[in-house]
Each structure stands twice: as C-alpha cells, then as structure tokens.
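Notes for the one structure printed next.
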C-alpha cells in the first residue's frame, strides 16, 4: 500500500488538487477546476445587482465544487485507494473573506441575502475598502501602534481583513449583525473538511494584522474606529490561531461523502497560496529567498528574529515555517506589465510576423529583444503600472518610461519593462540585506519562470546572483501536500516536521541561471540611475499622485 | 495686363512654385516637384558609395529641375504671359550647403568628384559634423566669444555652416582645396537665376553665425580650429551679405530659357523656408509670434533690440523683416511624436477599427482622445523624442512618459504627446516674455494646423492664448512671392517694402482658437508639474545622457 498526500491550491480563478507520493516525492496526478462564477466584479449572480468600482467577489459554492470534483478525479487518475491518502493540505488566496452563520453557512447562500453584495465572499483583490484602510493607518499612527504598523510596511492595505470587515459594518450593518463569524476562505475550507474552526497563523498574521506577540489589533484601536468593533475578535473572529503543519482535524462524514476521502484523514491548518510554495522550494531555514513570479511577484524568506524591513508586506512569527519569522515583500505588477505592452503597444505588422512564425507576441518580442546588448535600447522604466508594493508601499504611484527616441520600438519597451521588474527585485533584496537579513540563494517559481529563460537571465544579470528554479509547476499545491503529510505525522507514514517533509519532497532543479559579469557591470550603472529615479518619484516629486488625482 | 509674383519654396523632399496676383493677393496657381534623388542618406546615386551615420545629401540637379518644370507649369495653369510676372522670390531649407567651382558648378556634377560624398549638397539635417560643432562651441567659449554664442542659445549646431565646412576640410582636404565657394543652396539658386552671388542675411545670420555687428566668426577662432580656415570668409565665402527684399538681380538669359520667365524679371535675395512664412502671416512688427508646426516646430517673432533669450536658436538683425531683430526658437520634434505613436504603439484592433470607419490612425486616435476631459488619461510626457532645441538646446535629451497604469491606452499616449508639445511651446513663450519680448498674438501655420483642430484647441488651452491661423497652405512660398514683389518695387507694380506687401498679400483667418478657461485652469496645474520635470531632467538628473551613451 502506498502513502500519498493531497495538496489543494485555491487561486484567483481556479483551483487545482495535486496527489503526491510520499515515498518518492513524485507528483502523481493533478486536477484543475475553474470556478463557475469566476471573479464577480460587475454584478451578482442574479445579473441585476451591480457592484461598485474596485469590488471583487466570489461564490463559496465554487470552492465546494472544487473539493467535490478534483479530489475524486486525482484518486481515479492515480488508480489508488482513498485510504492510501494520509493527509490533506490546502492553500488559498488571502485575505479572501467570508461571512458565515452559526452553522458556518455563508450568508450569501441564504435566500434573504442572495441579492446583497456584502453577503458574498470578498476576494483578496476587492479594493473598495481603501478609505477604511487609510483611516486605520492614520488612527493606528495617532494612537502609537507603530510596532504593529511596521510589521507590514507601515501602511494598512485594503486587501487586509479589518478594512473589509469595517466596510461591511459601515455599508451593511444588518449583514454585519447577522454575521456569526468573519472567516478566511482558507479556514472555511478547513471547517468544511473537518468541522473544526482552526484559523491559520499564516492568514491571521499576514492579512489579519495578528501577531504572536500582540494578537489582533487592540480593542482601543477597534473602538476608536467604531464602538461596535470593540469586541470584534471575541464576537466574530477567534482568539485562537493555529500553527502550520498542525492537524486541524480529520475528514468528517460529510466531507468524506463529498470528496471520496477516508473519514479521519488528517487535514492540516491552511496556508496562503504563495507562502505554501516556500517549503516546496526546500526553504525551511533562513538564507534563501523564494520569488513567485506571476502577474505580480511575491518574495518570501525566513529569519531568526523579528526585523523591520522598509516596505515589506509582512513579518509573521511562524507564518511560513514554524520556528522562524516569515518575511514577505512584493511587487504589485510584473507579468501584467508585459501583457500591457503586448496589448497596447504592438503595431499590426508584429501580429502578422508572429502569425507567420507561428508564435505568440510574447515570444516574438522576446525573440527581438534578446539579441540586444545591455543598454542598447536606451530606455529605463519604473515598474509601477500598478503602484509600488515593496519597498515604497504606495498604490498611488504610476509607471514611467524614459529614454524614448523616434527609433524606440515595441521590443525596446518590452525589454525595458522586464529589466525594470528585475531592478525592483534588486531593491527588495537590498532592503532585506540592509536590514541584516542575509540572502545567500534565490529560488524562483511561476509560469513566466518556466516559459521565459530570457527574463530569468535578465533577473540573474541584474541582481548579480544565481537563481535556481523550483522544479514543480504546482508549487503551492506541493507545499500544501507537504503540510498535509506533516499533519498526518510519521506514525501514519507522513512526517514529523516540515523540515523533514522538505528533505524528501522539495524540488529544485540542478541547473541555475548564472549572472554574466559583463552584463551585470553595465546593469549596475543603469541600476544606479533606476534607484535615483525610484527615490525621486517615490519620495520627492509628487507628480504621479497629482496626475492620479486628476484621473 | 495683370501683375504677378512667383514664390518658390524649396523643402526637404520637394519644392513648390506659387503664382500670386499682386492686385488681389489671390493664389492663382501652384506646382509641386518631388526631388528625383530625394534625401540621400545611405548611398550616392552610383548605388555603390555608402554614406556614414547621420549623413544627409542632396543632388543639385533636382533644384534646377524644379525651376525648369514648376515655373512653366504655373504660367501655363494660370494662362498668363511671362511678362506679367514682375518678381521672383525663393526660400530654401538651411544650412543646405553646396561646394562650387569658379563657374558656380557644383563639384558633384564634375565627373572626377561624382563618387565623393563630400562633393554633394549637405542637407540641413546632415548631422555627422556634431563633433566639429562641439569643438567650435568649446573653443568659442574658451576664447571668450560668448556674445556670438549667446545669439544662438550658447551652442553651435551641427546643422550650421561652419561645422559642415570644417568636416569637408578635415575628411576631404582635396575637395576643400578644389572648392571655389561654399554657398547656401538658397543663394546658389539666386545665382542660377541672376548670375549674381547675393548671399542672404537670413541664411548667413541664422546658419552661418554671421551678425550685423560682428560679421562671421573671427579669424582668430577660425585659425584656432584649423590654420587653413583662417581666411575662410574671404577665400571661400563672401563678406557681403544682402538684406531681404533686396533685388539680387534680373533673370538672366540662361535662366529665362530654363524657366520661361522674362529676362530681367526682378529676383529677390533668398530666405530660409520657415522665415519666409512670417510676412505671409502679416507679421512685420514686434508683438506677434508665428509657429510653423510640422514634424518639428519653428517659432519666430520680431523685436526692437537684440536680447538674449535662453535657448533660442538665433537672433539676427534684419534676419526676418528688415529693420527688426528676428528671433527664432524651435522644438526638435512635434509631429514626429504623433507619427511615432501611430507606428509603434497601435494594437491591430485599432487598425481594423480605422479601416472600418474609413479614417486614418491619426484621425482614429484623435477621435478617441478628444472626448477625454483634461487630465483624464493621467499621463504626462517630456516631448524630447528628438532631443530638445529650445530652451535647453540639448540633443542628448530623450523622451519621457510618466503616469502609466494597466489601463493606459494608445489614445492616452497620443493625447499626452500632443499636450507635451504644447507645454514645450508654452516654455518657449515664457522664455521670450521673461526676456522682455512681449507676445500679444500667436499665429500658426502648417499641415497639422489645418488638419487637426483638436490639437489647436489643446495648444490654445495650454498656452492660455488665442491662436490665429495663417490662411494659406503655401505660406513660405507666399512670403517668398512677397519678397519677389518687393524686389520688383512699386514702379514695376510691386511694393516698396515688405510692410506694404504684407498689407496687401498677408492672409490670416478671421476666426481664432480661443482658450477654454476651465481647461486652462487644469492645464496650469499639469504645466507646473511639466516644468518641474523639464528642469529636473533638463538640468539636474543626467539619466537621459547616461542612457543615450549606452546606446
């Protein structure tokens, strides 16, 4: 009889379940399910109820459909018996917030609320509580909660839990009243599988402003925001927060029927999607940084002690790997830049050329850009098309391109955008190192990483560091499966710790991208200019804000 | 019997002859001739001799073909007798430099030199003598010729006469030796028509670094550049420079045979093309500025005294209208920006949409951009795709766009580029006014001006000033025809002065573009940001130069 673990990775528009062989570490089967309701950002499922600007909702039924369809599918594909699966782990986007009643039924499923947008799942990128976030930042500063603020770069994001909750209270007090619990979708899935509320330290720490030292934001602050929020934690959250790898419970009857898993199968406390990829890259100790490169990029690494890094998105004790502080930084826009260039800056003859060659536009521009020597296009960009996350933490910043001439071509812009995101990464690396958190190795994962060696070479040339590649296309799901195996424990054929699991299951390719010192030398000069512009437009000249305000 | 005057306007790729009725001011007939050899920038007519980077040559036979074909054509079209034409004026691009022997035959026409690039006409935009121009600037500064330098913004342009001559001496000393005279193409045409060398004050002043006060650059400076240049003026130029409207001579036998004009018809001293448009706009006194808007823009106005305006391209006594100082400023890239946007930043669906609508891409982008309110696109550009002429005089600057987001569209970029060129114009206007040269009225001409009311409204909104439109599609040719009529004089049915000619023949439309004060108010705020960036990248941050050096 084999020993397997299942990882389920809930992304923004779809989820995937991965079956991993615990003896060999091999990925046996994968099943993907698109969410039938997708991201709802214009109207509710009724087709009538319109949503405001910056709203982004989801439907919880989609999440259950994932469990119902993908788990039986991988069991079937692999041809194994359910009892061979000893553990399940799940990761989710966060803060993706649900409102549930006493039976943990989402309010939006109850007929009386189905036309009320506030009853639905607020997806991580539901950004319409920005005003609330800004007030929380201001009040926290005023009241001296600077340590709390500094743990996530000094500014409360509209993506966090508290602004989302406060928005419900403010705009739909009746819904707030009817809410038994506000809960991360990640934690809700754990409840669906086990019947236990076991909130994850990862979600609570990175998105709920919770810390091991101080817990959730203080009552005094909550009361100052709105007197009705004073006892929010006891009334509608939970003061208990559970470590990663901890067994939240066993699969219960209802979940066993839904998924085909054996009743009692160990289920681990959930993680956030990007963070789950860290152990999959074998990172279970300080010194290595993981970059998850996609439409945006997430940078994660571990430290022995809590340090304040300028512009980091969060530092959470035990938030990624138990026993260490987990640091997170981010770039708000990476692959999205390249898509923008493809969509908006491509003359029709390029479409024809790509068609003739049977390649897509990304491939065509890469082909044209990669023959250039460093500096040849004469452009430099600030990669802020979607604001700046780390290290400036300023969503009101915007993109810049400098160095245009009448001979500037689309591939020049494309390459300059790639380079700019790499310069942005170097700024983040240096911010960590300047804060005493040494980075000896970089590992990258994400679709772009697999598809675009040209981009990876630019990243390695610009950072002047070797970059290794995570050898799995399902890194978060693999990490979740690892936590599932830890939840099961060694006595069940799993592992006693994530360190042990990583030793067996983590996957990094042997070969690494290595910097070409000639390129690095030229990029060093350009980076010097990038940093000057970064500081000038990030801190001195407010033109980007002025222009944004006029829009 | 009627009284007519002919103006011939020699442009960069073609020339046009215009016949004007002196009694009514009416434009009777026009004929256009493309230059058969066009602009030679890759190789000589032999198809073998390659040209270096930044070379731009022409063939003088093309200029003679213009005389031979266009003048008979307008006479024929108008159905008039040659003797009814009493005067001829010509304008030309400058400095467009020719090398001739004692018979004023261009060296390139002599078989022994036909394979030598240096024997050909160096077009105004022949830029390969930049190094020479830079040395002249440095030496002139060193030797204290600051007044001379300040007359054209402090920096010698590679487009000027002296760098072009020095390049010949340096790279082809044998050709230099064989050259009897270096002469502006404008002045050479006058010689072809009259057999007289009558160099124009306009060409000498704006392009030859000649001034009424000090003449050509001093012998000491010329000697310092190269001892062989010491007596350049006496040996290969001429110390005589003639005023505009002056009769250079009468059409001689050979020219009469070539053109069909009556022998003895008065021929005026030549002007530069843009400058010829000034009287055509009725500008014969201080206070009004003419903008000739095209791929680049030229700004001209008159003053009572010599003043030094930062970054102006030239101030020449009697250089535009006799009796006044003629001031010129310029923007190196205007329409070229919009063409760049059309060529490089247009997704294929825009091509399809334009096709479906039966309009061109400029029209489509205008259509999309003009419905935006001011500031809506959130972008701001520095209009330096081709460097900056006025007021920074720095060809090593490059373009910048700031304010990008993921929703930035091609029409946003298009509109931002139009706005940037208008902000650049406002900088120039303010530089004049701050130097005590008041501008009470602005008149514009050029193809873009006629075709794009949207652009004109932006210019009027951004400058906060009314802009009138010159009511002729052939403004330089009209101005030249006016000078031709002045050369003929009143006793022949022409005019005694250009002021008198302008009173009868100048044409400005009755209606004017008027600023919308609501738009001006918003643009004032954006202009404030534009100026800050203008000074920062123009004077403080050298990133543009660093990037250009790397190319």
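The values are calculated or read from the model by the stated rules, or taken from the named source; none is laboratory data. The structure presented is a predicted model; accordingly, all values stated were derived computationally and were not measured. When we count neighbours, we look across all protein chains shown, and the Cβ atoms used for this are built from the backbone with ideal geometry, even at glycine.
Could you run through the range B:144-177 and say how many residues are touching a helix residue (DSSP H, G or I) at 6+ places or on another chain (Cβ under 6 Å) and farther than 23 Å from residue B:392 by Cα?
Of the residues in that region, 7 qualify.
If a residue counts only when it is in contact (Cβ under 8 Å) with a residue 24 or more places away in the chain, which helices (runs of 4 or more DSSP H) contained entirely in the range A:327-396 have at least 2 such residues?
By residue number, A:335-344, A:361-369.
Hey, can you tell me all the residues within the range A:211-231 that are touching a strand residue (DSSP E or B) at 6+ places or on another chain (Cβ under 8 Å) and buried (at least 17 other Cβ atoms within 10 Å of the Cβ)?
A:211
Within the range A:422-434, can one find any residue that is modelled with pLDDT of 90 or more, under 25 Å from residue A:465 (Cβ atoms), within 14 Å of chain B (Cβ to nearest Cβ) and not in a strand (DSSP E or B)?
yes
Can you find a residue in the range A:131-147 that is surrounded by 19 or more Cβ atoms within 10 Å (Cβ to Cβ) and in contact with a strand residue (DSSP E or B) (Cβ under 8 Å, 6 or more places away or on another chain)?
No, the range A:131-147 has no match at all.
Table: residues versus (1) in contact (Cβ under 8 Å) with a residue 40 or more places away in the chain; (2) touching a strand residue (DSSP E or B) at 6+ places or on another chain (Cβ under 6 Å); (3) closer than 30 Å to residue B:200 by Cβ.
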{"residue": "B:464", "(1), (2), (3)": "yes, no, no"}
{"residue": "B:469", "(1), (2), (3)": "yes, yes, yes"}
{"residue": "B:475", "(1), (2), (3)": "yes, yes, yes"}
{"residue": "B:490", "(1), (2), (3)": "no, no, yes"}
{"residue": "B:528", "(1), (2), (3)": "no, no, no"}
{"residue": "B:536", "(1), (2), (3)": "no, no, no"}
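Would you confirm, using the coordinates I've provided, whether residue A:190 is surrounded by 21 or more Cβ atoms within 10 Å (Cβ to Cβ), out of contact with any helix residue (DSSP H, G or I) (no Cβ under 7 Å at 6 or more places or on another chain) and not in a helix (DSSP H, G or I)?
Criteria not met by residue A:190.
Give the number of residues within the range B:537-551 that are at the interface with another protein chain (Cβ under 9 Å from one of its Cβ atoms) and surrounded by 17 or more Cβ atoms within 10 Å (Cβ to Cβ).
8
Which number in (1) surrounded by fewer than 18 Cβ atoms within 10 Å (Cβ to Cβ); (2) touching a helix residue (DSSP H, G or I) at 6+ places or on another chain (Cβ under 6 Å) marks the one condition that residue B:256 misses?
Residue B:256 satisfies all of (1) surrounded by fewer than 18 Cβ atoms within 10 Å (Cβ to Cβ); (2) touching a helix residue (DSSP H, G or I) at 6+ places or on another chain (Cβ under 6 Å) except (2).
Can you give me the number of residues within the range A:131-156 that are farther than 16 Å from residue A:221 by Cα and without any contact (Cβ under 8 Å) to a residue 40 or more places away in the chain?
Result for the range A:131-156: 1.
Restricting attention to the range A:262-275, which residues are crowded, with 24+ Cβ neighbours inside 10 Å and closer than 24 Å to residue A:82 by Cα?
Result: A:265, A:266, A:267, A:268, A:269, A:270, A:271.
Identify the residue in the range B:509-535 that is surrounded by 19 or more Cβ atoms within 10 Å (Cβ to Cβ) and over 16 Å from residue B:374 (Cβ atoms) and, among all such residues, is nearest to the other protein chains (Cβ to nearest Cβ).
Among them, the one singled out is B:533.
Filter the range A:471-492 down to residues that are crowded, with 24+ Cβ neighbours inside 10 Å and out of contact with any helix residue (DSSP H, G or I) (no Cβ under 6 Å at 6 or more places or on another chain), then give me how many there are.
So the count comes out to 6.
Based on what the data block shows, is residue B:177 closer than 30 Å to residue B:311 by Cα, surrounded by fewer than 23 Cβ atoms within 10 Å (Cβ to Cβ) and without any contact (Cβ under 8 Å) to a residue 12 or more places away in the chain?
no
Has the range A:229-247 got at least one residue that is at pLDDT 95 or above, in a helix (DSSP H, G or I) and touching a helix residue (DSSP H, G or I) at 6+ places or on another chain (Cβ under 6 Å)?
Yes, that holds for at least one residue.
From (1) at pLDDT 95 or above; (2) away from every other protein chain (no Cβ under 14 Å); (3) under 26 Å from the mean Cα position of the chain (by Cα); (4) buried (at least 20 other Cβ atoms within 10 Å of the Cβ), pick out the condition that doesn't hold for residue B:500.
(4)
Residue by residue through the range A:317-355, note down the ones that are more than 14 Å from every other protein chain (Cβ to nearest Cβ) and over 15 Å from the mean Cα position of the chain (by Cα).
Listed by number, the residues that qualify are A:317, A:318, A:321, A:322, A:323, A:324, A:325.
How many residues are buried (at least 21 other Cβ atoms within 10 Å of the Cβ), within 11 Å of another protein chain (Cβ to nearest Cβ) and closer than 25 Å to residue B:129 by Cβ when one looks only at the range B:392-403?
Summing the residues that are buried (at least 21 other Cβ atoms within 10 Å of the Cβ), within 11 Å of another protein chain (Cβ to nearest Cβ) and closer than 25 Å to residue B:129 by Cβ in the range B:392-403 gives 3.
Considering (1) at the interface with another protein chain (Cβ under 10 Å from one of its Cβ atoms); (2) touching a helix residue (DSSP H, G or I) at 6+ places or on another chain (Cβ under 6 Å); (3) buried (at least 24 other Cβ atoms within 10 Å of the Cβ), say which one residue B:406 fails and leave the rest.
Result: residue B:406 fails condition (3) only.
On the given criteria, is residue A:77 surrounded by fewer than 16 Cβ atoms within 10 Å (Cβ to Cβ), in contact with a strand residue (DSSP E or B) (Cβ under 6 Å, 6 or more places away or on another chain) and under 24 Å from residue A:483 (Cα atoms)?
Judged against the criteria, residue A:77 is a match.
Can you pull out every residue in the range B:507-540 that is in a loop (DSSP other than H, G, I, E, B) and at pLDDT 95 or above?
Correct list: B:514, B:515, B:516.
Only residues that are in contact (Cβ under 8 Å) with a residue 12 or more places away in the chain and more than 15 Å from residue A:182 (Cβ to Cβ): list them for the range A:93-130, please.
Of everything in the range A:93-130, those that are in contact (Cβ under 8 Å) with a residue 12 or more places away in the chain and more than 15 Å from residue A:182 (Cβ to Cβ) turn out to be A:93, A:109, A:114, A:115, A:116, A:117, A:125, A:127, A:128, A:130.
Testing residue B:182 on (1) within 22 Å of the chain's Cα centre (by Cα); (2) part of a loop (DSSP other than H, G, I, E, B); (3) closer than 22 Å to residue B:168 by Cβ, one condition comes back false. Which one is that?
Just one mismatch for residue B:182, condition (2).
Before we move on, is residue A:450 within 20 Å of residue A:328 (Cβ to Cβ), out of contact with any helix residue (DSSP H, G or I) (no Cβ under 6 Å at 6 or more places or on another chain) and more than 14 Å from chain B (Cβ to nearest Cβ)?
No; evaluated as a whole, the condition is false for this residue.
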